[in-house]
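First up is the structure itself, then whatever we jot down about it.
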Amino acid sequence: MNEEQVRHVRDLLSRPENSLAAIARLLGVVPLDPVQARARALRQPGPAAIEEAR
């Protein structure tokens with residue numbers, strides 16, 4: 001996933017009505033990709049990256 005898709009996933013994940021499966025279908029990726037994007041965000045340094053990934 002590119003950075004724009006990762007930002008889009010983060011935005012979609014912030015809305016409780018969106019499931020990982022629905023987000024994956026929307027982006028045309030396997031459901032694990034949004035999970036990996038979130039994990040990548042959590043590995044970035046700084047508390048802002050962690051908050052953004054939640």
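In this label model, Asp11 and Val29 are separated by 1.5 nm, measuring between points 7 Å along each Cα→Cβ vector. The label point for Gln36 and the one for Ala22, both projected 7 Å from the Cα toward the Cβ, are 2.4 nm apart. Computed packing ranks the peptides 7-13, 25-31, 36-42 as 7-13, 36-42, 25-31, most packed first, by mean other Cβ atoms within 10 Å.
Since every read-out is calculated from the coordinates, none of them should be taken as a lab result. Note that the coordinates shown come from a computational prediction; the quantities given were computed from them, not determined experimentally. Please note: Cβ atoms are built from the backbone with ideal geometry, for glycine as well, and neighbour counts cover all protein chains shown.
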